[in-house]
Amino acid sequence: MRVLIINKFLYPNGGSETYIFKLGEQLQKMGHEVQYFGMEHEGRCVGNRVNVYTSDMDFHGGSKLSKLTYPIKTIYSKEARVQLRKVLDDFKPDVCHLNNFNYQLTPSMILEIVKWRKEINHKCKIIFTAHDYQLVCPNHMMNNPNTHQNCEKCLGGHFMNCMKGKCIHGSTAKSAIGMMEAEFWKLKGTYKYIDTMICCSEFMKKAMSQQTVDK
């Protein structure tokens, strides 16, 4: 098979990156073709793993103008769709394996994969490994950092609770953006296109099943 592994970071940034690279190596040993898609990180990307990157998005630095556009880019990325389409047309994967993609790459990529496989009549499967609770909780932790209490208020798509609880960095504005992102993709029903989801626990599986990922 041809497997396209998608993750926003393509250098050893943390556990998810260790996972995707080790997974890719194992798949290659088993005879599969593997490529990666993610953001461009000058001087940090690992080898010749991908043929097209999206531009880097720095949420902590950058110009004032770029920061003004981040709220839109964190919800929907046209660039990610355009660049991903180049990879899809070139590599023609049988499996697209999603990992951490929210904020920088955005779920817009799922729509592009669905559009592409329909246009060329190719049965490309979409697999998602959940490294956190982003699909069901806008701050991805299911924990309110202000109260330090575990929280399940957003389960079932009740994302207004994120803004009410200021769950993202204790900020109403940032929490509102997180809420809008979650509501946008819920309304579009985007996560229903995920064919298989890999969860690290029964609790995570149960939590994810209460969101729009449940077909």
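Sub-8 Å Cβ pairs linking a first residue in the range 66-84 that is within 20 Å of N7 (Cβ to Cβ) and part of a helix (DSSP H, G or I) to a second residue that is among the hydroxyl-bearing types (S, T, Y) and at pLDDT 90 or above, at least 6 apart or interchain, are K73/T106; T74/T106; I75/T106; K78/S108; A80/T106; A80/S108; R81/S108, ordered by first then second residue.
Within the range 94-145, the set of residues being of a type in the set (F, W, Y), under 21 Å from I20 (Cα atoms) and either part of a loop (DSSP other than H, G, I, E, B) or in contact with a Cys (Cβ under 8 Å, 6 or more places away or on another chain) (or both) comprises F101, Y103, Y133. Out of contact with any Pro (no Cβ under 6 Å at 6 or more places or on another chain), at pLDDT 95 or above, under 17 Å from Y133 (Cβ atoms) and not in a helix (DSSP H, G or I): is that true of C167 in this structure? Yes, satisfied.
Scanning the range 146-164 for residues that are assigned to a helix (DSSP H, G or I) and aliphatic (A, V, I, L, M), we see that the one that is surrounded by the fewest Cβ atoms within 10 Å (Cβ to Cβ) is M160. Filtered by the rule that a residue be assigned to a loop (DSSP other than H, G, I, E, B) and surrounded by 14 or more Cβ atoms within 10 Å (Cβ to Cβ), the range 196-208 gives a lone residue, C199. Could you list, in sequence order, the residues of the range 126-156 that are farther than 17 Å from K186 by Cβ, of a type in the set (S, T, Y) and either in contact (Cβ under 8 Å) with a residue 60 or more places away in the chain or in contact with a strand residue (DSSP E or B) (Cβ under 8 Å, 6 or more places away or on another chain) (or both)? Result: T129, single match. For the range 108-130, residues that are within 14 Å of M208 (Cβ to Cβ) and crowded, with 20+ Cβ neighbours inside 10 Å total 2. Restricting the first member to the range 157-184 and to residues that are within 13 Å of M142 (Cα to Cα), and the second to residues that are assigned to a loop (DSSP other than H, G, I, E, B) and among the basic types (K, R), the beta-carbon pairs closer than 8 Å and six or more apart or on different chains are N161/K153; G165/K153.
The values are calculated or read from the model by the stated rules, or taken from the named source; none is laboratory data. It should be emphasised that the depicted structure is a prediction, and the values quoted were computed from it without experimental measurement. Here the Cβ is made from the backbone with ideal geometry for all residues, glycine too, and neighbour counts use every protein chain on show.
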